[in-house]
1. Quick check, is residue 31 modelled with pLDDT of 70 or more and open to solvent by 70 Å² or more (accessible area, probe 1.4 Å)?
2. For region 34-52, which residues satisfy the criterion of being farther than 22 Å from residue 20 by Cβ and open to solvent by less than 30 Å² (accessible area, probe 1.4 Å)?
3. When region 90-105 is examined, which residues are found to be among the charged types (D, E, K, R) and open to solvent by 70 Å² or more (accessible area, probe 1.4 Å)?
4. Could you list, in sequence order, the residues of region 39-76 that are among the basic types (Lys, Arg) and at pLDDT 90 or above?
5. Starting from region 81-105, take each residue that is closer than 12 Å to residue 20 by Cα and assigned to a helix (DSSP H, G or I) and list its partners that are among the polar types (S, T, N, Q) and open to solvent by 20 Å² or more (accessible area, probe 1.4 Å), counting only C-beta distances under 7 angstrom and pairs at least six apart or across chains.
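The values are calculated or read from the model by the stated rules, or taken from the named source; none is laboratory data. Since the model is a prediction, treat every value here as computed from it, not as a measurement. Positions of Cβ are generated from backbone atoms using ideal geometry, with glycine treated the same way; all protein chains shown enter the neighbour counts. Accessible surface areas use protein heavy atoms only, side chains included; no ligands, DNA or RNA. Shrake-Rupley method; radii C 1.70, N 1.55, O 1.52, S 1.80 Å.
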Amino acid sequence: MKTKVTLIAAMALLAACATPEVVSERQAGDSSLTCSQISADIQEADKFKNDARDEKGVTGTNVAAGLLFWPALLVTYSNAEEAIEAADDRQDYLLELADNKGCRL
């Protein structure tokens with residue numbers, strides 16, 4: 001019985017882990033974006049990056065994970081790093097696309 005309770009608690013903690021969105025570098029329709037749409041997508045990727053950075057900070061979930069189930073904290077930090085890198089890649093791709101289209105951002 002105690003094992004089941006521990007397992008349920010561990011699963012609840014993992015489910016509560018922050019999972020910032022990981023964006024794709026290239027998305028359908030990118031080639032048909034206008035310069036203003038490219039600019040808006042660059043800002044959106046920056047928002048994803050900032051949200052991911054916030055998940056790495058001291059949050060109630062991260063403190064609880066660190067105290068009660070530290071592997072969940074590692075998962076959160078790993079996912080946040082992946083989300084930051086993906087947002088950087090998306091921004092780089094969009095900047096290259098803007099340059100190829102002659103956009104002034």
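1. Considered against the rule, which asks whether it is modelled with pLDDT of 70 or more and open to solvent by 70 Å² or more (accessible area, probe 1.4 Å), residue 31 comes out as yes.
2. Within region 34-52, 38 is the sole residue that qualifies.
3. 92, 96, 99, 101, 104
4. Those that are among the basic types (Lys, Arg) and at pLDDT 90 or above: 47, 49.
5. If the second residue must be among the polar types (S, T, N, Q) and open to solvent by 20 Å² or more (accessible area, probe 1.4 Å), no pairs are left.
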